[in-house]
Amino acid sequence: MFFLNTRTDSPDNYKYDLTITDATINGLENKSLETLRIPNDIDGVPVTKISEKAFQKCTAITSVRLPNDLKTIGINAFNGCVSITSVSMQDSVETIGAAAFSECSNLTKINIPDSVNKIGGYAFSNCKELKKISIPESVTSIDPYTFYRCTNLSSVDIPSQVATIGKAAFYECESLNKITIPNCVTKINNSTFYGCKSLKKVETQTSHIKNQPKAQKIGKK
């Protein structure tokens, strides 16, 4: 966790929709907010979703604490938030939508809790300051372009249950120097590690991978 202070923002700072059982955050009313501590509930109704493009290109935001009962981070939810450096996620999030944190070029810290079972394509693409990330065991596939051009990413823990690593998932992750492919993986695209110029070794724990990455596609452009 990156926030010891559990105080949250007033709901008045946010655009939102309410139903009897769920609240969805749709964006900001107060565009000057830099530190987001999104409320856990609105009028007693738990916040469970951040909608598509809710904070897209909100360049003032520097850090985010997500609500305790949040389940879904929508497509492009924080895309282009270039000033964000850290995101604190609670152990309730199940889905990180496609391109949710794409182009967050100064993001250095994010925790992905064990509750997450789906990470969409391009979710962290062009997060150029992200150096390390741990993917929880509940995730069974790494979608295309998930870590595309994360040029400072040097360490990734791939869960043992992952079966598929998609096209260009680690494309031009120039600082990645070693990766271990778990036993459950059955398919890797030839462009998965393209342009990973520091990657000298891909260890596989299985011999039944379809389309294993060719040598010329690893560590070269």
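Among the candidates Val156, Val116, the residue that is at pLDDT below 95 and surrounded by 18 or more Cβ atoms within 10 Å (Cβ to Cβ) is uniquely Val156. Here Ser138 meets the list (1) surrounded by 17 or more Cβ atoms within 10 Å (Cβ to Cβ); (2) in contact with a Pro (Cβ under 9 Å, 6 or more places away or on another chain) almost entirely, failing just condition (1). Looking at region 182-196 only, could you name the residues that are surrounded by fewer than 17 Cβ atoms within 10 Å (Cβ to Cβ) and either modelled with pLDDT of 90 or more or of a type in the set (Val, Ile, Thr) (or both)? Hit for region 182-196 is Thr186, nothing else.
Just one of (1) part of a loop (DSSP other than H, G, I, E, B); (2) closer than 30 Å to Thr19 by Cβ fails for Asn106. It is (2). Being polar (S, T, N, Q), buried (at least 16 other Cβ atoms within 10 Å of the Cβ) and modelled with pLDDT under 95 is the filter here, so list the residues in region 7-63 that pass it. Within region 7-63, Thr8, Asn13 meet the criteria. For region 55-74, the count of residues that are more than 17 Å from the chain's Cα centre (by Cα), part of a loop (DSSP other than H, G, I, E, B) and over 17 Å from Cys104 (Cα atoms) is at least one.
Residues that are over 11 Å from Leu153 (Cα atoms) and surrounded by 17 or more Cβ atoms within 10 Å (Cβ to Cβ) within region 172-181 comprise Ile179, Ile181, listed in sequence order. Residues being under 30 Å from Cys150 (Cα atoms), out of contact with any Leu (no Cβ under 8 Å at 6 or more places or on another chain), basic (Lys, Arg) and in a loop (DSSP other than H, G, I, E, B) are entirely absent from region 1-9. Would region 120-134 turn up any residue that is under 17 Å from Val185 (Cα atoms) and modelled with pLDDT of 95 or more? No: zero hits. Looking at Lys109, is it over 15 Å from Leu36 (Cβ atoms) and among the basic types (Lys, Arg)? No; evaluated as a whole, the condition is false for this residue.
The single condition from (1) modelled with pLDDT of 95 or more; (2) within 20 Å of Asn190 (Cα to Cα) that Ile84 fails is (2). The residues of region 141-196 that are outside any loop (DSSP other than H, G, I, E, B) and either aliphatic (A, V, I, L, M) or more than 19 Å from Thr108 (Cβ to Cβ) (or both), listed by number, are Ser141, Ile142, Val156, Thr164, Ile165, Lys178, Ile179, Thr180, Ile181, Lys187, Ile188.
The values are calculated or read from the model by the stated rules, or taken from the named source; none is laboratory data. Note that this is a predicted model, so its numbers are computed, not measured. For neighbour counting, all protein chains shown are included, and Cβ atoms are generated from backbone atoms with ideal geometry for every residue, glycine included.
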